[in-house]
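The values are calculated or read from the model by the stated rules, or taken from the named source; none is laboratory data. Everything numeric here is computed off the predicted structure, so don't read it as measured data. Note that we place each Cβ from the backbone using ideal geometry, even for glycine, and neighbour counts take in every protein chain shown. Quick note on the areas: whole protein, heavy atoms, side chains included, nothing else; ligands and nucleic acids left out. Shrake-Rupley method; radii C 1.70, N 1.55, O 1.52, S 1.80 Å.
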Amino acid sequence: MRVLVTRPRPDAERFAERLAAQGHEVLIEPLFEIVNLEDATAQIDLSDIQALLFTSANGVRAFCSAFAPRLPQDLDLLVFAVGDASARTAEEFGFRAIESADGDVVDLTALVTRRLDPTQGGLFHAAGSKVAGDLKGGLEAAGFRFRRVVLYETCALQALSAETQGQFRSGEIDAVTFFSPRTAKSFVRLIAAAGLGDYLEATIAVCLSAAVKEELEPLRWDSVLVAARPTQADVLVLLDP
């Protein structure tokens, strides 16, 4: 099966490796570019912080790019990650105490509330310019002091590449993977702009969640699959040969 991966790099490249290991042929077309903000370093203050919260692998990379971390003990801070990809990235950067919610923002809120005491310090969220869900509201309602700093922004692709458009027109793309509602919405826009709406009827859409699926409703697919849980592992299950 030839699979189009729409995630930003380097997440797309890592996911492509997993797909290739399953025997798939992969085409990468990131619909968003991740740009770290130049003034992010000055905004990071970890005083009286008991845990770091990461809702994406991009958040981990942006935090470590901006902050280093500055001191060895920063790597001993508790890290709570929304899912397996962000947890794995935090581990690669040297953090030593990592827990994954293995789900979405609701699962992350529940994990932090269950594991931490609000009186022991605040929470620091390394975020992008677009935030999904209400992590802040949920944790503040549980009594936590919540500090969010936007460390990166996502810049949308303006047009699908000629290669990707050509492969849709020739019927060579069997499946497209989507990991966020925003990516799915952008894909709908790009498909319409390229006049490719009639070329998806033999293609499968593979979605991280029901919210992602909703954004794809304007398009006609062969089928739309939704992961049992919003994790990369569950998306891969849908693409098992």
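Within region 48-63, is there a residue that is surrounded by fewer than 16 Cβ atoms within 10 Å (Cβ to Cβ) and out of contact with any Lys or Arg (no Cβ under 9 Å at 6 or more places or on another chain)?
no
Right, residue 233: surrounded by 16 or more Cβ atoms within 10 Å (Cβ to Cβ), closer than 22 Å to residue 15 by Cα, small (Gly, Ala, Ser) and in contact (Cβ under 8 Å) with a residue 24 or more places away in the chain or not?
It is false that residue 233 is surrounded by 16 or more Cβ atoms within 10 Å (Cβ to Cβ), closer than 22 Å to residue 15 by Cα, small (Gly, Ala, Ser) and in contact (Cβ under 8 Å) with a residue 24 or more places away in the chain.
Across region 2-19, what is the total count of residues that are open to solvent by less than 60 Å² (accessible area, probe 1.4 Å), out of contact with any helix residue (DSSP H, G or I) (no Cβ under 8 Å at 6 or more places or on another chain) and part of a helix (DSSP H, G or I)?
2
Count, please, the residues in region 119-169 that happen to be of a type in the set (Lys, Arg) and over 20 Å from residue 39 (Cα atoms).
Selection size over region 119-169: 3.
Within region 20-57, restricting attention to residues that are part of a helix (DSSP H, G or I) and in contact (Cβ under 8 Å) with a residue 40 or more places away in the chain, which residue is farthest from residue 237 (Cα to Cα)?
If we take residues in region 20-57 being part of a helix (DSSP H, G or I) and in contact (Cβ under 8 Å) with a residue 40 or more places away in the chain, then 43 is farthest from residue 237 (Cα to Cα).
With respect to residue 185, determine if the residue is outside any helix (DSSP H, G or I), open to solvent by 50 Å² or more (accessible area, probe 1.4 Å) and under 30 Å from residue 219 (Cβ atoms).
In short, no.
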